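Written below as structure tokens is the structure these notes are about.
The values are calculated or read from the model by the stated rules, or taken from the named source; none is laboratory data. These figures come from a predicted structure and were not determined experimentally. Backbone-built Cβ (ideal geometry, glycine too); neighbour counts: all protein chains shown. Areas reflect the complete protein model, heavy atoms only, side chains present, ligands, DNA and RNA absent. Shrake-Rupley method; radii C 1.70, N 1.55, O 1.52, S 1.80 Å.
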Amino acid sequence: DVKVTQSSRYLVKRTGEKVFLECVQDMDHENMFWYRQDPGLGLRLIYFSYDVKMKEKGDIPEGYSVSREKKERFSLILESASTNQTSMYLCASSYSYYGYTFGSGTRLTVV
Amino acid sequence: GQQLNQSPQSMFIQEGEDVSMNCTSSSIFNTWLWYKQEPGEGPVLLIALYKAGELTSNGRLTAQFGITRKDSFLNISASIPSDVGIYFCAGPDSNYQLIWGAGTKLIIKP
């Protein structure tokens, strides 16, 4: 069964910590995405990548960075976590604009 | 930029009821997608629509691509407890990035 795996389901971090969220896909997809999900706001795109070492800003990139050193892995980095980054983070990969496969999400709490 | 307005924001229904939700935009879309997110999981694609007027079913779910290409509808017949979740509409913009609606949360009253 094809999969997108996010390394943690739940994380609690302190304000100011550097936080790494990891995502791995086994479908050989070119495209990978990081979204955050907040109640009533739907899915907001943070960053995406069309290829290894390539990244593009989404709608809300401020306070985040990403890394894609290998095709199957896309990491989201919070350089200095803040309480307003408490959210559900979803990773997805796709071969086209409609074939998105999502991970189960990481619920991050910053205290 | 393009936006998708999804309504209602939430629905409280009795088991067995039919459900209708919709998604509208001020812009034309060439594809409409409907996803479902169950509690604690990521969204999963339910139905994809590619042509104006298209009506497509997936079990008890039926989705329609509006004739104006600015809207889409999702209906669920005879709801059951496993239908609970958040339903999202989505469509690609001119750069083939998905634009997402804010979601409709479906809650089934016991």
Residues of the stretch B:21-45 being open to solvent by less than 80 Å² (accessible area, probe 1.4 Å), touching a residue at least 24 places away in the same chain (Cβ under 8 Å) and aliphatic (A, V, I, L, M), in sequence order, are B:M21, B:L33
Selection count, the stretch A:34-43, where residues are touching a strand residue (DSSP E or B) at 6+ places or on another chain (Cβ under 7 Å) and either open to solvent by less than 10 Å² (accessible area, probe 1.4 Å) or at the interface with chain B (Cβ under 8 Å from one of its Cβ atoms) (or both) | 4
For B:I108, are the conditions met, namely being among the hydrophobic types (A, V, I, L, M, F, W, C), open to solvent by 80 Å² or more (accessible area, probe 1.4 Å) and either in contact with a Pro (Cβ under 7 Å, 6 or more places away or on another chain) or more than 15 Å from B:S20 (Cβ to Cβ) (or both)?
-> no
Would it be correct to say that A:S67 is among the hydroxyl-bearing types (S, T, Y), under 28 Å from B:K36 (Cα atoms) and more than 9 Å from chain B (Cβ to nearest Cβ)?
-> no
Which listed residue is basic (K, R) and either open to solvent by less than 10 Å² (accessible area, probe 1.4 Å) or closer than 19 Å to B:E41 by Cβ (or both), from A:R107, A:R73, A:R14 = A:R107
Complete set of residues in the stretch A:89-104 that are open to solvent by less than 10 Å² (accessible area, probe 1.4 Å) and within 13 Å of the chain's Cα centre (by Cα) | A:Y89, A:L90, A:C91, A:A92, A:S93, A:G103
Tally time: how many residues in the stretch B:5-20 are in contact with a helix residue (DSSP H, G or I) (Cβ under 8 Å, 6 or more places away or on another chain) and open to solvent by less than 90 Å² (accessible area, probe 1.4 Å)?
-> 1
